[in-house]
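Down below is the structure, laid out as structure tokens.
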Amino acid sequence: MVARLQTEAPDTEGTRYYAGTLLFMEGRPDLAAREASELVARSPGHARAQNLLGASLASLGRRDAARRAFRTSLEADPRDPVTYANLGELELESGDRAAAARHFAEALAVDPTSEAAARGLAEATGGR
């Protein structure tokens, strides 16, 4: 699908977002971050691109930059449970269990069926 998009609509926001997502899923966060950065430079309010940038930067160990990207994503779309869960994971990995728990709880408030958020909240709170 991405190859077809790149042929038919090579420089659209959707094509760039899906190309970056595919790179991330293929385990190439450096290239995904570059793709997401280029999209964010063109469209700073693109919430999903900001989330992708955050996830890519987190995978590269760039926690502060990832945190900024996640927060920018949430400013653009405060109803995205995936971004809250990603931010929760980042805080959990950083050792801030209280912040992680807040983000996971927010994800669950938006989407009570989020298994990732439920698992994260249980881990952040020690199962309480």
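One table, with the values for the structure above:
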item	result
Selection from region 68-85 of residues that are in a loop (DSSP other than H, G, I, E, B) and within 12 Å of Arg48 (Cβ to Cβ)	Asp77, Asp80
Flag if Ala47 is in contact with a Ser or Thr (Cβ under 8 Å, 6 or more places away or on another chain) and at pLDDT 95 or above	yes
All positions within region 2-52 that are in contact with a helix residue (DSSP H, G or I) (Cβ under 9 Å, 6 or more places away or on another chain) and polar (S, T, N, Q)	Gln6, Thr12, Thr15, Thr21, Ser37, Ser43, Gln50, Asn51
Single residue of region 18-67 satisfying the filter (among the polar types (S, T, N, Q) and assigned to a helix (DSSP H, G or I)) that is farthest from Leu5 (Cα to Cα)	Ser59
Test: residue in region 111-128 that is acidic (Asp, Glu), outside any helix (DSSP H, G or I) and either assigned by TED's automatic domain parsing to the domain that holds Val2 or closer than 22 Å to Ala3 by Cα (or both)	no
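Residues are listed down the side, and each one gets a yes or a no for (1) under 27 Å from Thr113 (Cα atoms); (2) in contact with a strand residue (DSSP E or B) (Cβ under 9 Å, 6 or more places away or on another chain); (3) surrounded by fewer than 23 Cβ atoms within 10 Å (Cβ to Cβ); (4) in contact (Cβ under 8 Å) with a residue 60 or more places away in the chain:
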position	(1), (2), (3), (4)
Ala47	yes, no, yes, no
Leu53	yes, no, no, no
Ser59	yes, no, yes, no
Asp64	no, no, yes, no
Thr72	yes, no, yes, no
Asp80	yes, no, yes, no
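The values are calculated or read from the model by the stated rules, or taken from the named source; none is laboratory data. All values reported here derive from a predicted model rather than from experimental measurement. For neighbour counting, all protein chains shown are included, and Cβ atoms are generated from backbone atoms with ideal geometry for every residue, glycine included.
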